[in-house]
Amino acid sequence: MKAAPSAGRPRRERVHHGAGTSLESPLNPQVRGSAVEFRLLGGVEVTASGQPVDVGHARQRCVLAVLLIEANNPVPTDVLLDRVWDEGLPHTARGTLLSYLTRLRRALGTDTEIVRRSGGYALVVDEQAIDIHRFRELLTQARAAGDDETALDLFDQALELWRGEPLAGLDTPWINSIRESYEHERRTAELDRTDVLLRAGRHSELVAPLLSEARKQPLDERLAGQVMLALFQSGRQADALNHFRQTGQHLADELGTDPGPALQALHQRILTGDPTLVPSEPPAPDRAARELADMVHRQWTKEAGSLRRPNPLSVRWSITGRPVAAKQPVSSARGDLARLVRTFQEAPSRQMVGWYSASQARARQCWRCCSPSRCWKRRGRAIQCRCC
């Protein structure tokens with residue numbers, strides 16, 4: 001938002017550059033030829049090949065943040081000054097801005113350009129290098145996913161990009177408004193993820209955290225509906241109806257309104273004990289997964305003491321969609337790889353139990369995007385993934 005001119009505020013003179021003129025600066029050897037990533041979902045940070053890049057103090061990082069938020073779009077110079085300084089604009093701000101841009105060019109190298117365009121400046125960058133854009137892309141994929149397992153995995157990947165308060169350490173009215181909108185996007189993603197969990201029958205693990213969150217946000221009707229649904233699915237119909245009454249009281253006291261049509265309709269369905277609100281049992285019960293994990297853990301603990309090089313541990317599997325098979329984990333080192341692949345492909349629900357170190361996320365990504373027949377191979381007595 002551009003503030004109105006005042007007597008105490010110096011008039012900004014527009015500085016013109018020749019066509020194609022840019023401020024040249026030495027390259028940062030750390031960045032040259034490296035994969036650069038930009039992070040806004042926390043403090044404003046830049047990394048090159050996983051290593052932090054120094055992009056200066058808070059005001060200079062604020063300039064970078066504005067350009068990243070408007071990535072590949074020109075930001076007029078006056079707008080950039082307003083967003084970075086607002087009412088506290090000093091008479092030297094224009095020259096200071098040029099100095100900040102020079103330092104940022106030097107820090108970022110040539111892989112990321114800050115160019116003069118249309119009376120302002122633009123940061124030319126692949127948007128997928130910016131965490132907020134990756135977050136939004138993953139959310140789009142999650143909401144379009146054809147099954148709950150895939151959707152949940154994508155929601156988790158998106159939310160894992162958050163490192164704390166977005167744009168932390170920066171404080172201007174425009175930045176604060178962007179921070180608020182980003183927080184709203186995250187909150188909506190968390191609610192969408194909860195919907196998936198409720199649909200998948202995982203209400204038991206949701207009741208406590210949802211009740212805790214509802215105490216912080218008593219006026220959020222969508223959250224209230226999720227609390228009511230989780231309670232009802234857990235066999236606590238009376239508690240679900242009581243939560244509706246509490247929410248209605250908060251809305252009346254704070255806003256002078258009644259619950260909306262959606263929450264009232266859910267209340268009526270819970271009141272009548274609508275059986276369609278309770279999902280069918282998932283094909284892979286939590287208890288079976290825990291028992292399998294415990295069994296493999298005990299075997300691994302016993303084997304690890306007798307092996308000189310305990311890694312890699314042979315893959316063991318259980319078809320959680322078939323209760324009989326789930327009781328008999330089989331060692332793939334003593335079985336047939338083709339059988340392992342065929343059994344997993346035919347299973348209505350797949351679950352792997354194992355130990356991962358720093359490559360855990362990579363292993364999950366591999367299983368999600370690769371078919372076992374194409375991805376796995378033998379290495380001695382163990383089964384390993386070609387991608388990992």
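Read-outs: derived from the displayed coordinates by stated rules, not from any lab. Keep in mind the model is a prediction, meaning the values are calculated, not measured. FYI the Cβ positions are ideal-geometry reconstructions off the backbone, even for glycines, and counts take in every protein chain you see.
Distance between the 7 Å Cα→Cβ label points at THR257 and LEU98: 5.1 nm.
Using the Cβ-Cβ distance between GLN217 and ALA58 with R0 set to 35 Å, the FRET efficiency from 1/(1 + (r/R0)^6) comes to roughly 0.70.
Here each label is just a point 7 Å from Cα along the line to Cβ, and for GLU190 and LEU277 those points are 2.4 nm apart. For the pair ASN73 and ARG269, a Förster radius of 30 Å applied to the C-beta separation gives a FRET efficiency near 0.05, rounded to the nearest 0.05.
Subtracting the Cα-Cα distance of ALA200 and GLU165 from 0.36 nm times their residue separation leaves 9.6 nm of extension gain. The Cβ shell under 11 Å around ILE114 holds other residues with a net charge of +4, Lys and Arg each +1, Asp and Glu each -1. Each residue, ALA144 and ARG245, gets one label point 7 Å from its Cα in the Cβ direction; the gap between the two is 4.6 nm.
The GluC sites (Glu not before Pro) of the stretch 142-185 include none that meets both conditions, a loop assignment by DSSP and at most 10 other Cβ atoms within 10 Å of the site Cβ.
When the charge dipole of the stretch 132-277 is built from unit charges on Cβ atoms (+1 for Lys and Arg, -1 for Asp and Glu) and taken about the Cα centre, the candidate among HIS184, GLY235, LEU206 whose Cα reaches farthest toward its positive end is GLY235. Other residues within the sphere of radius under 15 Å centred on the Cβ of GLN249, judged by their own Cβ, net out at -3 (K and R +1, D and E -1). With K and R counted +1 and D and E -1, the other residues having a Cβ less than 11 Å from that of GLY225 yield a net charge of -1.
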